[in-house]
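Enquirer: After the structure tokens below, expect a handful of questions from me.
The values are calculated or read from the model by the stated rules, or taken from the named source; none is laboratory data. Computed from a prediction, not measured in an experiment: that's the story for all the values here. Cβ placement follows ideal geometry from the backbone for every residue including glycine, while neighbour counts extend to all protein chains displayed.
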Amino acid sequence: MAKPITSITIVGGGTAGWLAAVFLRTKIAKKIKVTLIESPNVPTVGVGEATVPNMPATLRELGIEDRDFFKRCNASIKMGVMFRNWNVDHRGDFISYMNPFITPPMIDRMEAGYFFHAFGAGKRDFIQSFSPLMDLLQAGKCPLSFGGKDDPMPRVGYAYHLDAGKFAGMLAEIGNDRGVEHILDDVQDVELDDRGYVAALQLQEHGRHEVEFVIDCTGFQGLISQKALGEPFESYSDYLANDRALALQIPHPDPLRLPAATSSTALGAGWSWSVPLFNRIGTGYVFSSAHRSDDAARDEFMRHLGDTAPKGAEPRVIPMRVGRTRRAWVKNCLSLGLSGGFIEPLESTAIHMIDMGLRWLLLYFPSQDADDATRDRYNRTVDAMYNEVRDFICLHYRLGNRTDDPYWIDARRELKLPDRLAENLELWKHRLPSPLDLPTQFLFTHHTFQAVLLGKQVYRNGYGDGTFSRPYVMNEKNWREFLRKSAAHTRATVAYKADHRQMLLALRGEMGKGANVATKLGEVEGALKQEHALF
């Protein structure tokens with residue numbers, strides 16, 4: 001009879017390692033010993049500072065208080081991602097659009113995207129036709145309010161921007177408080193048993209450490225899964241060209257006005273991210289080394305930043321290995337974070353993939369034998385998640401229409417398309433994405449794909465052959481009435497919602513002094529409880 005697991009060893013710290021440690025200590029019903037072994041000599045990459053809408057729920061499940069999180073991690077609210085300059089319109093002008101955390105409504109039992117495609121929305125783009133999020137962003141506001149009773153939009157998905165280093169530090173403190181054994185040491189050797197399972201780790205200072213089940217969070221090096229167990233790495237370089245990044249921290253141009261969205265601005269050989277934290281902006285340039293040298297990319301990036309970059313600032317260069325370990329779970333070893341794989345941070349999926357990997361581990365929790373059926377089902381699920389994320393990222397490049405640099409032309413003509421995405425792009429020339437088109441929707445639903453196609457204005461720019469299918473009766477008058485009501489709702493929502501910076505001050509407990517603090521903070525906590533109860 002297979003023996004139950006009594007201990008789990010995590011190798012590597014950072015967000016991946018410490019999120020795994022806290023998650024397992026908090027969520028596993030049985031008393032299982034959790035040990036985290038972290039090298040004192042290996043720095044974490046710490047590039048990703050944005051999350052997706054599952055993050056608020058994850059923090060609540062882990063018992064992390066909002067006030068502690070916002071203050072300690074300099075966190076801010078994220079309503080979605082603004083894409084700038086990825087495409088041009090029919091006049092050749094750059095387009096901006098949002099990938100928002102909101103679902104379009106049904107109109108006359110038909111999706112709003114079809115009405116927008118047929119009749120347009122005047123000067124408003126697709127997202128603005130039904131959602132106030134872009135208007136909130138332009139007004140410097142966020143989706144939360146100080147009083148929930150009369151809120152015209154009480155429920156909306158949102159995520160966080162956070163300081164990855166401080167977040168990992170906070171998780172480490174929580175993990176230690178909850179009984180995670182923390183060992184600062186270097187792994188010198190990995191001992192395998194006669195089945196090829198990891199039996200023990202040889203540590204430089206602490207000697208032999210026995211292993212029942214190990215989680216590899218050692219970053220790109222994949223110390224356990226790839227080096228010791230020999231699991232091959234599958235590159236995505238045929239699909240995605242970007243393999244380098246520059247990273248820099250800069251001050252807010254206007255500290256009193258904090259945008260509640262991530263920004264992705266296309267440059268000559270890639271794109272620049274902007275993640276607005278409470279105290280600063282995390283920014284960088286993801287680019288292709290086949291199209292820019294490090295020096296040329298740095299010069300281009302610094303020109304893009306202009307006066308917002310501190311004098312003498314020097315971005316650090318980060319090599320990116322885009323792809324994944326072929327199998328996430330091998331023998332008695334599970335890969336999480338960068339050791340499991342990395343797809344460029346265009347949609348802030350890194351922490352989400354760690355989160356899902358842990359949830360699926362609990363769902364398929366093994367015995368010490370780690371049977372093949374359990375491993376295989378877990379690996380197929382993780383494989384499907386990576387395929388979903390890869391396909392969605394590839395979509396952004398294949399549907400670009402810039403011609404001002406060979407990089408953008410190569411992205412359309414030279415990069416390989418995943419088979420499923422290629423089939424769907426042929427289908428979507430004639431109809432909008434539907435739920436039946438996607439094998440999984442772990443994060444990106446058919447509505448998310450619709451937002452990209454309609455945001456990029458591909459149909460206005462000749463995508464397809466003019467045989468777009470709209471088989472249902474569509475009443476333009478009903479659409480115009482919907483737009484009128486939607487615009488009124490947007491105005492009311494923007495007027496009601498809180499200034500983003502003021503909301504963050506309240507969440508941090510720094511609104512002011514005396515009764516005003518108590519009143520405002522009490523309203524915020526009440527609103528958050530109401531919001532949390534809906535999810």
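Enquirer: Tally the residues that are surrounded by fewer than 22 Cβ atoms within 10 Å (Cβ to Cβ), in contact with a Cys (Cβ under 7 Å, 6 or more places away or on another chain) and of a type in the set (A, V, I, L, M), restricting the search to the stretch 136-170.
Expert: Total meeting the criteria: 1.
Enquirer: Just checking: which of the helices (runs of 4 or more DSSP H) contained wholly in the stretch 404-464 hold 2 or more residues that are among the aromatic types (Phe, Trp, Tyr)?
Expert: Filter on the stretch 404-464 gives 406-413.
Enquirer: Just give me the residues in the stretch 162-183 being of a type outside the set (Gly, Ala, Ser) and either in contact with a Gly (Cβ under 7 Å, 6 or more places away or on another chain) or in contact (Cβ under 8 Å) with a residue 12 or more places away in the chain (or both), in sequence order.
Expert: Across the stretch 162-183, the qualifying residues are 162, 163, 166, 167, 170, 171, 174, 178, 180, 181, 182, 183.
Enquirer: Would you pick out the residues in the stretch 328-344 that are under 18 Å from residue 192 (Cα atoms) and either of a type in the set (Phe, Trp, Tyr) or out of contact with any strand residue (DSSP E or B) (no Cβ under 8 Å at 6 or more places or on another chain) (or both)?
Expert: 329, 330
Enquirer: If I go through the stretch 469-488 residue by residue, how many of them are surrounded by 14 or more Cβ atoms within 10 Å (Cβ to Cβ), hydrophobic (A, V, I, L, M, F, W, C) and either part of a helix (DSSP H, G or I) or out of contact with any helix residue (DSSP H, G or I) (no Cβ under 7 Å at 6 or more places or on another chain) (or both)?
Expert: Result for the stretch 469-488: 4.
Enquirer: If residue 259 satisfies all but one of (1) surrounded by fewer than 22 Cβ atoms within 10 Å (Cβ to Cβ); (2) part of a loop (DSSP other than H, G, I, E, B), what's the number of the condition it fails?
Expert: The single condition residue 259 does not satisfy is (1).
Here's the yes/no breakdown for (1) within 29 Å of residue 441 (Cβ to Cβ); (2) surrounded by fewer than 18 Cβ atoms within 10 Å (Cβ to Cβ):
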{"site": "36", "(1), (2)": "no, no"}
{"site": "53", "(1), (2)": "yes, no"}
{"site": "63", "(1), (2)": "yes, yes"}
{"site": "69", "(1), (2)": "yes, no"}
{"site": "75", "(1), (2)": "yes, no"}
{"site": "78", "(1), (2)": "yes, no"}
{"site": "81", "(1), (2)": "yes, no"}
{"site": "86", "(1), (2)": "yes, no"}
{"site": "99", "(1), (2)": "yes, no"}
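Enquirer: Among (1) part of a loop (DSSP other than H, G, I, E, B); (2) under 27 Å from residue 87 (Cβ atoms), there is one condition residue 265 misses while meeting the rest; what is its number?
Expert: (1) is the only condition that residue 265 fails.
Enquirer: I'd like the full set of residues that are exposed (fewer than 15 other Cβ atoms within 10 Å of the Cβ) and acidic (Asp, Glu), limited to the stretch 423-464.
Expert: Answer for the stretch 423-464, where residues must be exposed (fewer than 15 other Cβ atoms within 10 Å of the Cβ) and acidic (Asp, Glu): 423, 426.
Enquirer: Which residues, taken from the stretch 341-372, are of a type in the set (Gly, Ala, Ser), modelled with pLDDT of 95 or more and part of a helix (DSSP H, G or I)?
Expert: Of everything in the stretch 341-372, just one residue is of a type in the set (Gly, Ala, Ser), modelled with pLDDT of 95 or more and part of a helix (DSSP H, G or I), namely 357.
Enquirer: For the stretch 147-225, list the strands (runs of 3 or more DSSP E) that sit wholly inside it and hold at least 2 residues that are within 23 Å of residue 506 (Cα to Cα); which are they?
Expert: Qualifying strands (runs of 3 or more DSSP E): 159-161.
Enquirer: Let me ask something else. Are there any pairs, at least 6 apart or on different chains, whose C-beta atoms fall under 8 Å, with the first in the stretch 15-27 and closer than 15 Å to residue 169 by Cβ and the second part of a helix (DSSP H, G or I) and among the acidic types (Asp, Glu), and if so, which?
Expert: Close Cβ pairs satisfying both conditions: 19/355.
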